[in-house]
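Mind having a look at this structure? Questions to follow.
The values are calculated or read from the model by the stated rules, or taken from the named source; none is laboratory data. In this text, all values refer to a predicted model and were calculated from it rather than measured experimentally. Methodologically, a virtual Cβ is constructed for each residue, glycine included, from the backbone with ideal geometry; neighbour enumeration extends over all protein chains shown.
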Amino acid sequence: MRKIFRRLQIELPRGCSCNSRVMLLNDIGIDEVEKMRDKIMGWFEDEANKRALPYDEKKANKILDISMRRARKQELKHKQANLKKADG
């Protein structure tokens, strides 16, 4: 998710709750992130309001969808690599 924010030129400054939230989401896994979608959308909206940025729910959902899709892809790569190591 951090990479997507960088591409959108959205800074995650030190001390921002975004950083700890990104770490939390990375730790709990994609399935749990999906269950928390409404809460995460609230985080996006709250942070946009704090920064006086426009909030667009469709775009926020798209960011989360892209992040989850990339995380699943990365997870699959790790599983495949682990299978190759186990076979090798």
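Among the residues of region 17-36, are any without any contact (Cβ under 8 Å) to a residue 40 or more places away in the chain, surrounded by 12 or more Cβ atoms within 10 Å (Cβ to Cβ) and touching a Cys at 6+ places or on another chain (Cβ under 6 Å)?
no
Take region 42-53 and flag every residue that is touching a helix residue (DSSP H, G or I) at 6+ places or on another chain (Cβ under 7 Å) and not in a helix (DSSP H, G or I).
Correct list: empty.
Test each condition in (1) part of a loop (DSSP other than H, G, I, E, B); (2) at pLDDT below 90 for GLU75 and report the one that comes out false.
Every listed condition holds for GLU75 apart from (1).
Within region 4-41, count every residue that is in a helix (DSSP H, G or I) and either within 23 Å of ARG72 (Cα to Cα) or within 11 Å of the chain's Cα centre (by Cα) (or both). Steps first, please.
Kept after step one, since they are in a helix (DSSP H, G or I), are these residues of region 4-41: 4-7, 17-28, 30-35, 37-41.
Still in the running and either within 23 Å of ARG72 (Cα to Cα) or within 11 Å of the chain's Cα centre (by Cα) (or both): 4-7, 18-28, 30-35, 37-41.
The number of residues fulfilling the criteria is 26.
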